[in-house]
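Notes follow once the structure below has been shown.
The values are calculated or read from the model by the stated rules, or taken from the named source; none is laboratory data. This is a predicted model, so every value here is computed, not measured. Backbone-built Cβ (ideal geometry, glycine too); neighbour counts: all protein chains shown. Quick note on the areas: whole protein, heavy atoms, side chains included, nothing else; ligands and nucleic acids left out. Shrake-Rupley method; radii C 1.70, N 1.55, O 1.52, S 1.80 Å.
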Amino acid sequence: MSCRLPPIQPSAQSMRGFMDTLSDCLDSAWTKQFTKAGIAFDKPDRVFWVEPGRSPCGSYPAPGASAFYCPANNTMYVGLRHVVETSGGEPLSHYAVYARVIAHEYGHHVQDRAGILLYGDGQMESGDTATRTEASRRIELQAQCFAGAFLGSERTTLPMTREQYTAMINDVLGRGDDRQPPDKRDHGSGRHYAGWVITGFNGRDLTVCNTWIASPSKVS
């Protein structure tokens, strides 16, 4: 497919147009993947917000979070201004930084439709703190890999220049939970948070994103 995104201008309306176009591309790409696998696929709903609000998964904005997926209503939530604020002021020209956020949340919807979230939730409910945080990291790092796989599949049309790619990887390197205490480390280290994006981006099929068979050292 050919996913061509509009440039992002400094307005919520422009960011909304960017996110809607990208989400349309994600709808198309993932529908094809599920069709190949013979699995029914429902596209997620989208709430791209400016004003604070509530979802079945809680109110937003939440501290430090600009985006989340709510499986209770199969909806992606992204703050149109919040996503820029939480990037540390990343230039809007570095569109890949923002595209990765949307592709990651979409990855959680993919996990939900494929039954992976249900499996992961079962792991978290049945184990101790260490088991719960590791299962959460496997979920989050797989979503990172799915985001990388989508962006890699579109690298010729987005386009993914070296500058865009570097900006994206540097951004995710800074989003790890390395400094969190063990019971809060539910997303993965910066090295792995970036590493699974790279794995997906360079992989030729989605089997490379199976974090559930990766050794614990790969999802720490």
Those trypsin sites (Lys or Arg not before Pro) in segment 162-207 that DSSP places in a loop and that have at most 12 other beta carbons within 10 Å: Arg179, Arg204
Keeping the other protein chains in place, figure out the carbon and sulfur percent of the accessible area of segment 104-197, with a 1.4 Å probe. 48
Which one of Pro56, Pro91, Gln111 is farthest out on the positive end of the charge dipole of segment 42-149, using unit charges on Cβ (Lys, Arg +1; Asp, Glu -1) and the Cα centre as origin? Pro91
Straight-distance crosslink candidates among aspartates and glutamates, where the alpha carbon sits under 16 Å from Lys36 and sequence neighbours closer than 8 are dropped: Asp27, Asp205
Can you tally the net charge around Cys70? Count Lys and Arg as +1, Asp and Glu as -1, for every other residue whose Cβ sits under 10 Å from the Cβ of Cys70. -3
Restricting to DSSP loop positions (anything but H, G, I, E, B) with no more than 13 other Cβ atoms inside 10 Å of their own Cβ, which trypsin sites (Lys or Arg not before Pro) remain in segment 1-101? Arg4
From the helices alone, meaning DSSP H stretches of at least four residues, give me the mean residue ellipticity at 222 nm for the chain, per-run term -39500 (n - 2.57), in deg cm²/dmol to the nearest 500. -16500 deg cm²/dmol
Determine the dipole magnitude for the chain: charges of +1 sit on the beta-carbon of Lys and Arg, -1 on that of Asp and Glu, nothing else is charged, the reference point is the Cα centre, and the result goes in debye to the nearest 20. 420
So for the chain: antiparallel DSSP bridges make up what percent, rounded to the nearest 5? 60
First measure r as the distance between the Cβ atoms of Ser93 and Ala62, then evaluate 1/(1 + (r/R0)^6) with R0 = 30 Å and state the FRET efficiency to the nearest 0.05. 0.65
Among all the lysines, which ones have a C-alpha under 23 Å from Lys184's C-alpha, if same-chain residues fewer than 8 places away are not counted? Lys218
Multiplying the sequence separation of Thr35 and Asp178 by 0.36 nm and subtracting their Cα-Cα distance, what value in nm do you get? 47.7 nm
Taking 8 Å as the Cα distance limit and 6 or more residues as the minimum spacing, I'd like the relative contact order of the chain as a percentage. 19
Charge context of Trp49, other residues only, Cβ under 12 angstrom, K/R +1, D/E -1: +3
